[in-house]
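Novice: Below you'll find the structure I mean.
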Amino acid sequence: MTVVLPDRASIEAREDELWESPALPPLSARLRSRIRIGEVGVLTIACLAGYLWVGFWMRDDLHFFVNDALARTSDAVFVTVGRDPHLGAIGFFWPPLPQLIQCPFVPLLLPFGRQDMAGPISSAFCMALTIPVLGRLCTRLGLRRWLRFGICAGFALNPVMIYYAANGMSEACSILFIAIAMLGFLTFIRTRSTPDLITLTVGLSGAVLTRLEAPLLTVVLAVVAGLEWRRLRQSLWTITLIILPPAVCFAFWMIVQWVLLGSPTFFLSGGQLGQAGGVWLPNTIAHPLLAFPWALHWALVLGPALAVALGVLVWRPLDPNTRGTIGILAGAGVFLAIQIYELLNNTGYGDPRYFVTSVIFAAIAVAWLASTEPTMLNRAWNASLVGLLVLGAITGPRSLTNGRLTHIEGECHFFDYGVAQVLPFLGTSYPPSSVDFCGRNPNQLAAWQHLDAYLDGVLQPRDRVLVDNFSNFYAVLWTRHPNQFIVRNDRDWQRIAANPVGTVTYIVTVGDIREGGAGVVPKGGEDQGRLIVNGNHAVWKLVAAFPGGADFAEANATPEVYKYVGPRPPAAN
Amino acid sequence: VIVRTLLALGVLCLGGAFWLRTRAKASGRSTDFLVVSSTRSRPTESDRLRFSVDGLREAAPDLSADHTLSPSQRAGGIIALTVAIAALFVLWRVVLLIILATATIVYFASMLLRIRLFQLALNGKGITRIDDDEARAFPVDELPSYSVLVPAFREPQVCERLVANLRHLDYPADRIEILLLLEEDDSETIDAARRAIGNANDVRVVLVPDHAPRTKPKALNYGLTHSRGSLITIYDAEDRPDPLQLRKAAIALDRAPHDVACVQAELAFFNPTQNLITRWFTIEYSMWFKQLLPGLAQLDAPIPLGGTSNHFRREVLFELNAWDPFNVTEDADLGVRMRRAGYRSGVIDSVTFEEANSDFINWVKQRSRWYKGYAQTLLVHLRHPRTLYRQIGLRELILFCLFVGGTPLLALLNPFFWFLMMLWWVAHPALLDQLMPTAVYFMGLVCFVAGNFIFAYMCMLSVRHEGPRQWLAALLVPLYWVMMSIAAIKAATQILVAPSFWEKTTHGLDVDLEAQSAANPASEAVTP
């Protein structure tokens, strides 16, 4: 074969040809070829729209909000547009991810003055995204279309899920990441592949940054997924690989708390778990021995399918699919176990909302059982499993609104005053809650809006407003000038509040600032310190009080606005 | 203010003078290029050498790295540098902020890109898989002729093993030619090679004339002019290719669309357990060839080819004027030129085992050459950004800049950001607060916390099925990043003073280990 070197003419001719731009099909055609929306996709979009609508309806028509949800949204607003420090508002009490997820929505809502809706919108997105994750799990498990749709719909249309999708709390976020983790878990135990392992760790990492129960969930799922007695060394490495990312996330959060709050384990102290004394428990749960049946009851009324999974596990413990069933039940069991532990130590609230994750575990259990239990009556078996999801959608809300079982404020407001008007059978027929939470919220909202309207009227461009980080940081939610607000971490707050001249102009806090009101004492601990006014500045009380504006409708917990006026004793307004 | 303004003006004047001088030099540059003869059917030695050295430089001077910066790049660089230095005197905070923000954005984008590539590679679609049985069963009559080019320089110690490895290639003898490309004055290697070949005629020695530049791509170009196969591949002297690799590559190219001009085989090491450096190197190669390149292939982005085991269609090599003899990462450059010409590259599931660099100094030499070559490649192809954009599109242009440019740049910037971080922890200077506005701060924080962990975690995942020592090496991989930064600093200085200088990598450092293994069979096994 003779080699012929190319001549210059042929090179140049080829060059002209080569240097032409490659032709691409139009963008719309490429998008069309990529986007295919199945029935689960349609359900997702419809549910997202529905969740958003319910969120606005709850806030604007029912005048309802959960205090903790507003606190999270306030964190997000401070992080996104508030004054320094940038991370100052994250992780005061709670894991940070639900707040961070809200951040992208804040700038979009600011022009409309509705930054308070960042929470419900983010929770709606999280819950809606859980639906395709569940659908993906069903697909990976080999379920047929109608069954896949039934499971997704049975989960997504559960009123309890609708409520948590719309209330801006962290449950939707945690449910999303639990679903992702379980998708990874159930596929990894079959495939042992790296992509499934990554899915598992991503889900667990997100869960760790969302819920305090998640570290235990991580350990449990890692052990169940990774442990293989025959290859112990390899399985230990697998467990390490599963645990490492959530552990790093958890460590990072602890470092943030250490920097901001002075203690890496702040989440274990203060108001998060401390001395809550089961305020939402009815009197019937008075004896410690009743803690387990109490917890089991809540898990099963919210997710009756878990009982079937438990039955299958007991019936066929040596089945090849047992590992998956154990993982599902252990995952749900983590939430029970922590509630029982807290109750026995008198450190929990006894709030049934800690069990709502049972709904996603139940949906996953249904998908798993449908894929692993071949029976002669397949269709009937599958239909009955989906029926269990529907049953949970009825027993869950009815139990949550039963005054003899719990005194939880959010659910009773939503179901009794809202949903019951549309679907009466979901409302309670039991004696109403003895705690007067349901009717107080309109006053609270009005109080904050009033306060912000007042501040907007007096704020000059160079003014800064310091707000305390316990009761009054909601003040940032309706103002037109959120970038002039400062919320500092606990240590800095006391320093600045003690010597504010030149740094801040106004302060919003609770009670008598000279004596150190509740606002400067971190939640749950008098020992965190009191505000000490050094006498080198004076405050001018601008507004006396807006009744009903703080966390609880107590006389000494209403927000008050002060202005720093100079280094002399305070002058009366 | 007056002093600062005067200083800024002074710098501007100096920069302007330097720019004018550069322009004057550029205008005197000769454009009288050599013309390759087309009148003879059989090339002379002079033609071969001219093609090897000047082929690309004559046909497409703007794609040759014989000068790293084009006149316009040099002038633009001078202007930008001058303006930046002048601005430092007047608006130093703003300038520093812009520099920090730009670097952080590059960091952030590179992190996202690598995560995306990793994620894409997990689906396994970027790699063409042909199993051994299928490769063996392919009809011999349909296999194309193959030329295997093996350049070697001052490597007499590996010749015997090299020839043995090449003879293990499973390909019909009448359709394969193996060309050993040796420098004509490298008598030691020539003698060793002839001894290893013996009387057999299955391996042919081609003596490459002593002519500057003495680089591997020049030898390859010269070997190409002597080759006859319709498919061309290259191996390094220490390579141990999968015996079925030629068959697999031939099948892959046969089945691929015609615009797939090259398939790259995976590179791995036969001495991964020699020491901590080889373990890290193995992890890095595993990431590179199993995750990043398949990911790039799926994105249709320009693929910086690996140094060996790439299999080309012969006609494409000639169309593109083969390798650039002045580029020290000629493989990466060729991959980009192929993409610019509308060709694509693929990745096949066949492994060539190489020798992992086990010596720190030797490793730094090799790595700094790679970084220098990547920088060269970036600068060469960005001489006309609009042309490049028209040829490969915006997305691919960004991918090219982030991947080929970002790799050395990030290694170079790492020490600076580590220093900033330590400075912050030690002294809490207020200046850093001003230089890191919210968006930059958050991006930097995400890169530092999430990015570093994710990269380390990806390394751990890539050795999921290996032994505990490899896992430990994966956990310690941040120390490897320090080595990369040292190499990047060396590369940055070299690109200024000796851009085309080919720093030879010494091979055969694993020989002692092999002797040890033979003496002590119970010691840890060497893969494969």
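Read-outs: derived from the displayed coordinates by stated rules, not from any lab. These figures come from a predicted structure and were not determined experimentally. For neighbour counting, all protein chains shown are included, and Cβ atoms are generated from backbone atoms with ideal geometry for every residue, glycine included.
Novice: What Rg and what Dmax come out for chain B when only alpha-carbon atoms are used, in angstroms?
Specialist: Here Rg and the maximum Cα pair distance are 24.4, 82 Å.
Novice: Taking each residue of A:196-206 in turn, how many C-beta atoms of other protein chains fall within 10 Å of its C-beta, and what is the average? List each step's numbers first, then the result.
Specialist: Working: counts 1, 3, 6, 1, 0, 2, 0, 0, 0, 1, 0.
That works out to 1 on average.
Novice: Determine the equivalent ellipsoid of region B:346-412 by diagonalising the alpha-carbon gyration tensor, then write out the semi-axes as square roots of 5 times the eigenvalues, largest first, rounded to whole Å.
Specialist: After scaling each eigenvalue by five and taking roots: 28, 17, 9 Å.
Novice: Using Cβ contacts closer than 10 Å as the measure, can you line up B:Tyr389, A:Tyr474 from fewest to most?
Specialist: With the fewest neighbours first, B:Tyr389, A:Tyr474 line up as B:Tyr389, A:Tyr474.
Novice: Further question on the same structure: When a footprinting reagent is the concern and you count Cβ atoms within 10 Å, what order do A:Val356, B:Val463 take, fewest first? Each step should come with its number before you reach the end.
Specialist: Values: A:Val356 27, B:Val463 22.
Taking fewest neighbouring Cβ atoms as first place, the list is B:Val463, A:Val356.
Novice: Between B:Arg386 and B:Asp170, with labels modelled 7 Å along Cα→Cβ, what's the label distance in nm to one decimal, could you check?
Specialist: With each label placed 7 Å out from Cα toward Cβ, I get 5.4 nm.
Novice: How would region B:376-469 be classified by its alpha-carbon gyration tensor: rounded, prolate or oblate, with rounded meaning a/c under 1.5 and the a/b versus b/c comparison settling the rest?
Specialist: Judged from the Cα gyration tensor, region B:376-469 comes out oblate (a/c at least 1.5, b/c at or above a/b).
Novice: Moving on to the next point. Could you tell me how far the Cα centroid of region B:95-111 sits from the Cα centroid of region A:190-250, in Å?
Specialist: Taking the Cα centre of each part, region A:190-250 and region B:95-111 sit 34 Å apart.
Novice: Also, quick follow-up: Of A:Gly142, A:Ala153, A:Ala181, which is farthest on the positive side of the dipole of region A:141-227, counting Cα position, with +1 on Lys and Arg Cβ, -1 on Asp and Glu Cβ, and the Cα centre as origin?
Specialist: Going by the charge dipole, the pick is A:Gly142.
Novice: How do B:295-302, B:159-166 rank on mean C-beta neighbours within 10 Å, highest first?
Specialist: The peptides rank, most packed first, as B:295-302, B:159-166.
Novice: Continuing with this model, one more query. What base-10 log of the normalised intensity I(q)/I(0) is obtained for region B:437-482 from the Debye formula, alpha carbons as equal point scatterers, at q = 0.26 Å⁻¹?
Specialist: Results for region B:437-482 at q = 0.26 Å⁻¹ read -0.87.
Novice: Further, regarding this structure: If you bin the C-alpha pair distances of region A:325-367 every 10 Å from 0, what whole percents do you get?
Specialist: The distribution over region A:325-367 is 29, 48, 21, 3, given as percents.
Novice: Moving to a separate point now. Summing Lys, Arg as +1 and Asp, Glu as -1, what charge do residues with Cβ under 14 Å from the Cβ of B:Arg114 carry, B:Arg114 excluded?
Specialist: +1
Novice: If you add up the charges near B:Val158, with Lys and Arg at +1 and Asp and Glu at -1, over every other residue whose beta carbon is less than 9 angstrom from its beta carbon, what do you get?
Specialist: Summing Lys and Arg as +1 and Asp and Glu as -1 gives -3.
Novice: Could you tell me whether region A:121-214 comes out rounded, prolate or oblate from its Cα gyration tensor? Rule is a ≥ b ≥ c as square roots of the eigenvalues, rounded for a/c under 1.5, then prolate if a/b exceeds b/c, otherwise oblate.
Specialist: It comes out oblate by the Cα gyration axes.
Novice: Compute, for chain B, the length of the dipole vector about the Cα centre, with Cβ point charges of +1 (Lys, Arg) and -1 (Asp, Glu) only. Units Debye, rounded to 20.
Specialist: 2160 debye
Novice: For a footprinting-style exposure proxy, rank B:Asp185, B:Asp324, B:Asp141, B:Asp47 by other Cβ within 10 Å, fewest first. Mind dumping the intermediate values first?
Specialist: On the way: B:Asp185 11, B:Asp324 30, B:Asp141 7, B:Asp47 18.
Fewest-to-most Cβ neighbours within 10 Å comes out as B:Asp141, B:Asp185, B:Asp47, B:Asp324.
Novice: Please report, in debye to the nearest 20, how large the charge dipole of region A:301-395 is about its Cα centre when each Lys and Arg carries +1 at its beta carbon and each Asp and Glu carries -1 there.
Specialist: Here region A:301-395 has a charge dipole of around 180 debye.
Novice: Shielding by partners for B:449-462, please: the mean number of other protein chain Cβ atoms within 10 Å of each residue's Cβ.
Specialist: 3
Novice: Show me the ranking of peptides B:282-290, B:391-399, B:491-499 by mean Cβ neighbours inside 10 Å, starting with the highest.
Specialist: Listed from highest to lowest mean packing, they are B:282-290, B:391-399, B:491-499.
Novice: Then there's this: Which helices pass in chain B if a helix is a full DSSP H run, must span at least 24 angstrom along its long axis by Cα, and must have mean Kyte-Doolittle hydropathy not below -1.0?
Specialist: What comes out of the filter, once short or polar helices are dropped, is B:2-27, B:71-122, B:360-381, B:406-427, B:477-497.
Novice: Could you grab the relative contact order for chain B? Cα pairs under 8 Å, six or more apart, rounded to a whole percent.
Specialist: On the way: 800 pairs, mean separation 102.5, N = 528.
Across chain B, relative contact order equals 19 percent.
Novice: What is region B:195-315 by shape, rounded, prolate or oblate, if you read a ≥ b ≥ c off the alpha carbon gyration tensor as root eigenvalues and call it rounded for a/c under 1.5, prolate for a/b larger than b/c, and oblate otherwise?
Specialist: oblate
Novice: Oh, and also: Arrange the peptides A:56-63, A:294-301 so that the one whose residues have, on average, the most other Cβ atoms within 10 Å appears first. Provide the component values of the computation, followed by the final result.
Specialist: On the way: A:56-63: 16.5, A:294-301: 21.8.
So the peptides A:56-63, A:294-301, ranked by packing, come out A:294-301, A:56-63.
Novice: Which part of region A:314-348 falls in the paramagnetic zone of A:Arg230, meaning amide N under 16 Å from the point 7 Å along Cα-to-beta-carbon?
Specialist: A:319-323
Novice: Give me log10 I(q)/I(0) at q = 0.32 Å⁻¹ for region B:65-116, Debye formula, one equal scatterer per alpha-carbon, no solvent.
Specialist: Evaluating at q = 0.32 Å⁻¹ gives log10 I(q)/I(0) of -1.04.
Novice: Same structure, new question: Between B:Val482 and A:Val42, what's the calculated FRET efficiency when r is the beta-carbon distance and R0 is 41 Å? Round to 0.05.
Specialist: Here the calculated transfer efficiency is 0.20.
Novice: Taking the DSSP beta bridges in chain B as the whole, what percent of them are antiparallel, to the nearest 5? Kindly include the intermediate steps, with their values, before the conclusion.
Specialist: Numbers: 8 of 36 bridges.
Approximately 20 percent, going by the DSSP bridge assignments.
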